[in-house]
1. Filter region 41-66 down to the residues that are away from ligand 2 (no atom under 12 Å from the Cβ) and closer than 13 Å to S97 by Cβ and list them by number.
2. Which one is farthest from M104 (Cα to Cα), of the residues in region 1-19 that are surrounded by fewer than 16 Cβ atoms within 10 Å (Cβ to Cβ) and over 15 Å from the mean Cα position of the chain (by Cα)?
3. Name every residue in region 109-138 that is among the polar types (S, T, N, Q), in contact with a His (Cβ under 8 Å, 6 or more places away or on another chain) and part of a strand (DSSP E or B), in order of residue number.
4. Whether any residue in region 52-59 is closer than 28 Å to R161 by Cβ and of a type in the set (S, T, N, Q) is what I want to check.
5. Can you list residue pairs whose Cβ atoms sit under 8 Å apart, with the first residue in region 125-153 being under 15 Å from P189 (Cβ atoms) and the second being among the aromatic types (F, W, Y) and within 12 Å of ligand 2 (Cβ to nearest atom)? Count only pairs 6 or more apart in sequence or on different chains.
6. Working only within region 163-193, note down all residues that are part of a loop (DSSP other than H, G, I, E, B) and either more than 25 Å from T95 (Cβ to Cβ) or of a type in the set (D, E, K, R) (or both).
7. Looking only at residues in region 147-162 that are part of a strand (DSSP E or B) and on the phi < 0 side of the Ramachandran plot, which one is nearest to ligand 1 (Cβ to nearest atom)?
Amino acid sequence: MTVHYLPGAGFDSNIFLVTGNRPFLVDTGTGAQLDRTVAKISELGIAGGVDRIVLTHRHFDHVGGARKLAKRFSAEVMVHELDAQPLREGDSFQTFSEMFGVEMSPMEVSTFVEGDVLSTGEHDFEILHTPGHSAGSASLFDREKGLLICGDTVFVDGVGRWDLPSGNLKDLLRSVKKLMELEPVDLYPGHGPCAFGDARDQIAGALRYLGEA
Ligand SMILES: [Zn+2]
Ligand SMILES: [Zn+2]
């Protein structure tokens, strides 16, 4: 299993392609990089494409490409249950799409909750509910390898915004601490660079920045 990093350009989120017997995609960007994502999947020789598209949270910079990619691969779109409704309803305020000048189209999603497991066939990723950036923000953790995919909860140089609809600082701090306690090795955040080997230190640095460590 490998986590392939497709760095987000412009406002796009990073996209991660997790390979294995059953590959899945984490986040989709705004949709502006759709062709690049499809090209990467075929370049890696993943003939069957992906059958699951996992969204770390409701925001347009992560979910904008989901509908088209899901159609392209006949894939299931999955999100934490607390971020599902704005996507099902196409809520431009709650998904922040109005900030991008785009009207959010409703999409079909299935839901997961804390403790659910996503498997590549070789590795299991545990779902962690990490609210604070949005109510239904989620992270994925491979306990065996210490790989943490954390959306906009924490970045290499800081933490996610907590001032958007359904976000709050108290939850965000609790979530960031929860992620640090996992003692992750590699960090795959929703924007910016990844951290390899020192994920825990990076998260500790983010907490120090907030005066919380
Ligand atoms: Zn984002
Ligand atoms: Zn976000």
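Every number in this text was worked out from the coordinates using simple rules, so none of it is lab data. Quick caveat: nothing in here was measured; it's all calculated off a predicted structure. Reconstructed Cβ throughout: ideal geometry from the backbone, glycine too, with neighbour counts over all protein chains shown.
1. We begin by selecting, within region 41-66, every residue away from ligand 2 (no atom under 12 Å from the Cβ); these are 41-54, 65-66.
Matches in region 41-66: G65, A66.
2. T2
3. Step one: filter region 109-138 for residues among the polar types (S, T, N, Q), giving 110-111, 119-120, 130, 134, 137.
The next check asks that each one be in contact with a His (Cβ under 8 Å, 6 or more places away or on another chain); those that pass are 111, 134, 137.
Residue satisfying the conditions is T111 alone.
4. So in region 52-59, the residues closer than 28 Å to R161 by Cβ come out as 52-59.
Narrowing further to those that are of a type in the set (S, T, N, Q): 56.
Checked region 52-59: at least one residue is closer than 28 Å to R161 by Cβ and of a type in the set (S, T, N, Q).
5. G132/W162; H133/W162
6. To start, the set of residues in region 163-193 that are part of a loop (DSSP other than H, G, I, E, B) comprises 163-168, 182-185, 190-193.
Result: D163, L182, E183, P184, V185, P193.
7. Residues of region 147-162 part of a strand (DSSP E or B): 147-151, 154-155, 158-159.
This time we only want the ones that are on the phi < 0 side of the Ramachandran plot, so: 147-150, 154-155, 159.
Details: L147: 19, L148: 16, I149: 13, C150: 11, V154: 12, F155: 10, V159: 12 Å.
It comes out as F155.
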